[in-house]
Amino acid sequence: MLEVIDLECIRGDRRLFSGLGFTLGPGELLHLQGHNGSGKTTLMRMLCGLIAPAAGEVRWQGENIRHARETFHRDLLYAGHKSAIKGDLTGVENLRIACRLAGITVDERHAWDALERMGLRGHEDLPARVLSQGQKKRVTLARLLLSRAPLWVLDEPFTALDRAAVAFLEDVIRRHLADGGLVVLTTHQAVSLTDEAHVKTLKLGWKREGDV
Amino acid sequence: MFEAMTVLIRRDLLLALRRRSDVLTTLFFFVIVVSLFPLGIGPELDTLRLIAPGVFWVAALLASMLALEKLFAGDFEDGTLEQMLLAPEPVFVLVLGKVLAHWLITGLPLVLLSPLLGLQYDLPGETLRVMVLSLLLGTPALSLIGAIGAALTLGLRGGGVLISLLVLPLYIPVLIFGAGAVEANASGLGAAGHLYMLGAILLLALVAAPLATAAALRISAE
Amino acid sequence: MKARHKRLAYLAVGLAVLAAAAVLVFQALGNNMSYFFSPTEVVEGKAPRDHVIRIGGLVKPGTLQRGQELTATFVVTDNAHDVTVRYTGILPDLFAEGQGAIAQGRLNADGVFIADEVLAKHDENYMPPEVAEALEKGHQQGKAQMSGDQP
Amino acid sequence: MSSRLVNWFHFSSPATFYPLAGRLVPIFAVIAVILIAVGLYLSFFVAPTDYKQGEGYRIIFVHVPAAWMSMFIYLVMAFWAALGLIFNTRLSMMMAQALAPTGALFTFLALWTGAFWGKPMWGAWWVWDARLTSELILFFLYMGYIALQGAIDDTRRADRAGAILLLVGVVNIPIIYFSVKWWNTLHQGASVSLRGDVSMATTMLVTMLIMALGFWAYSIAVALKRVRCIILERERDAGWVGKLPEIRA
């Protein structure tokens, strides 16, 4: 269970949001909406503990994430704007290192398998710098297939993906939710996933925020 | 417990292997700086022997600093740093891994090469041994201390110059004891005291620097 | 609770490393690390012969001889042993017999210290001349005291 | 000092501290002017000539208090930085930032007057002695802090990054001091004195203390003035700033 209580964010001179609160339980998806610069990415980074809130707190399983950082990060998967992919390493190497950093050991066969399911067959062994934008994104998102973390925070996961990959990713997310996972995501693309029943919506930058 | 740390070390070594030019740049910088002094000062061996400890240590210091800028920059730009901060391990452990890898890539080759360069300065064998030992103890401390500066200046305009301003004053104790050890040996005073101090500085840096660097990384990545 | 154990382990390792560092510092303190020697150490042959060193002590009263062309010879003492110092150049204002001085240079083969630079030791004792005179009188008995004062 | 600390804890909100600082600045400025004027008069006309150093020693009445302040201000800055990191108080970070230029100024003053004193007394403008070298490094540390603050646009990041640098520096200062002390030193160990008892004539001591207090008052006045500017700059969008008479005018 993810609880957000009375969160406030000040970037530079600007107050991006304040008094923001919501809770997200197992099997629920939170769709963050808002125009550019309304603080979606900032809020996501704050949920992950990368940015300290100016006021308020984020709780995971009832504990402030500041105090239980390591347990929280074991339960968290964050895919941000930046791919975290090294151009000099191959897709498999990138994926395995990313997983190990997140605390899961993945053997080579599973990594190959995950990349193949992400539609990267034949590209697993190429240095990532020769891959296209969409292919790099797929390498990043292959982590979702191997992750055991219940909480996924995904910043624009659908950009740069083709239609088939979008559908596949939606499926992965649906399955994660069905298994009792939690997802927070933003997207500018219209995807069928965000119209489903268990989806909560949070609008940032509109007249009154925080009403979920 | 140190799983994530060893992963990072191995990854950075692999990256260095695939992109050797970065490693060689630092090494050549060291070689060139050390070799420039005889050209500027003249080939008189007495003088060269006298200045050798200072020259080698200052060159090692500058080379170490030159390499610092890249320590976290790559990970910061491509987002790996975020993932490091989100790893279920204490960040200072990961920092220790990064710094260790950085030293293996930029510091160790320089230490290994130094006795060869020491021959240019007509240093006796015993003094060469002390020099290698002092560099072996001192250069990791330089990397550790420098990491704090690299983390603080991450992503700033003119970061490179700023790092020197922040880090060089903090390097001074290492320089003093490092060059002091070599000189003390050359003059017959005995280098033990200086080497003990270098060891103490290294241990202190080993504990304190990763903590400060981790805190600085959090701030810079916010 | 595992996280807490882990944190304790890190703390223990950190403290152990710091303790090791402290041990090394004490080891280092047992070694002479500076090129500063007292006349006693010079006489006992502890100072390297072919290296620039510094010696410090009192200028022995009555030993300052000014030779030709600014050459001065004087004896530096720590009240146990003496070292003769030869220096060519202008001595600083504070330089005087009975006062502390530090000379930088090399020992020659005869055990005479050839100084490149002579610095007068200053201390934190500031006083008007009258007081100083009175004090000097009090010390006429010649009970020279040694005290390691810091500027 | 202690009363100042208490005040700053109480008035840790910029909005309440700003007017308080405004009232304190002129008081400390007047104290500083009086003390420094009296101190200078004493040092040049009243304090007796030194029996050994003659008239030249009078520069210590500026030099020694400046050296004290240079070190002390760094410690105070580190203290504010630690406070700011632990309790997340904006004001203490602003205090650290406001003190930095004054600290650098005193460091420079101490080095500069020291050189003028060293030439006649020691016989050299500059010696690579422990005190001098570590004071020079202290100056570099101040410069590093100021440069780092200047290079970061985001005030929150600038505050926290600067605070870490200050704390790292404060750990390093003793190490730096002892390392240069071992390395090469003018004053080490076997210095011998024929007189071990009296240290300084009372007039001289009083003069030096008055100068030190004057520098204190000056530092406080300048730091408060500067912190007021920093508060205004950072809080320019806050409601209370708009209501200030000097802003409305």
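Computed quantities for the displayed model
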| read-out | value |
| --- | --- |
| Accessible area that becomes buried as D packs against C, both chains, 1.4 Å probe, Å², nearest 100 | 3900 Å² |
| Accessible area of chain B belonging to carbon and sulfur atoms, whole % at 1.4 Å probe | 70 percent |
| Chain A pair-distance distribution - Cα-Cα, 10 Å bins, rounded % | 8, 34, 35, 19, 3, 0 |
| Nearest-0.05 FRET efficiency for residue B:129 and residue B:23, computed from C-beta distance (R0 35 Å) | 0.90 |
| Cubic angstrom per residue, convex hull over Cα atoms of region B:2-221 | 113 Å³ |
| Percent carbon-and-sulfur accessible area, region A:87-189, ignoring ligands, DNA and RNA, probe 1.4 Å | 49 percent |
| Separation of the residue D:232 and residue C:84 label points, Cα + 7 Å toward Cβ, nm | 7.3 nm |
| Probe 1.4 Å, accessible area per residue of chain A, Å² | 44 Å² |
| Average Cα contact separation per residue, region B:2-221, under 8 Å, 6 or more apart, as relative contact order % | 27 percent |
| Net charge of neighbours whose Cβ lies under 13 Å from the Cβ of residue B:212, counting Lys and Arg as +1 and Asp and Glu as -1 | +2 |
| Hull-based mean projected area of the protein assembly as shown, where the convex hull spans the alpha carbons, in square nanometres | 41.4 nm² |
| Residue among B:162, B:211, B:68 with the largest mean-square fluctuation in a Gaussian network model of chain B, springs linking Cα atoms under 10 Å | B:162 |
| Neighbourhood charge, 13 Å Cβ-Cβ cut-off, centred on residue B:127 and excluding it, Lys, Arg +1 and Asp, Glu -1 | -1 |
| Positive minus negative residues near residue D:70 (Lys, Arg vs Asp, Glu; Cβ under 14 Å) | 0 |
| Of A:82/B:98; B:70/B:98; A:40/D:243; A:40/A:200; A:40/A:137, pairs whose Cα-Cα distance is over 23 Å | A:40/D:243 |
| Computed E for residue D:30/residue C:116 - FRET, C-beta separation, R0 35 angstrom, nearest 0.05 | 0.10 |
| Most mobile listed residue (B:122, B:46, B:75) in chain B, GNM with C-alpha springs under 10 Å | B:46 |
| Accessible area buried at the B-C interface, both sides summed, 1.4 Å probe (Å², nearest 100) | 1800 Å² |
| Residue A:14-residue C:49 pseudo-label distance in nm [points 7 Å out on the Cα-to-Cβ vector] | 7.7 nm |
| Debye, to nearest 20: dipole size of the protein assembly as shown, +1 on Lys, Arg Cβ, -1 on Asp, Glu Cβ | 1880 debye |
| Percent antiparallel among DSSP beta bridges (both partners in the protein assembly as shown, rounded to 5) | 60 percent |
| Estimated inter-spin distance, residue B:32 and residue D:82, nm [label 7 Å along Cα→Cβ] | 4.4 nm |
| Cα-based helix-to-principal-axis angle, B:125-152 vs chain B, degrees rounded to 10 | 30 degrees |
| Unit Cα scatterers, Debye sum, region A:58-173: log10 I(q)/I(0) for q = 0.11, 0.20 Å⁻¹ | -0.36, -1.07 |
| Solvent exposure of region B:12-58 as accessible area per residue, Å², 1.4 Å probe | 58 Å² |
| Crossing angle, helix A:133-146 versus chain A [Cα axis fit, 0-90 degrees, rounded to tens] | 80 degrees |
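The values are calculated or read from the model by the stated rules, or taken from the named source; none is laboratory data. The structure presented is a predicted model; accordingly, all values stated were derived computationally and were not measured. Glycine also receives a Cβ, built like all others from the backbone with ideal geometry; neighbour counts cover every protein chain displayed. With ligands, DNA and RNA removed, areas are computed over all heavy atoms of the protein, side chains included. Shrake-Rupley method; radii C 1.70, N 1.55, O 1.52, S 1.80 Å.
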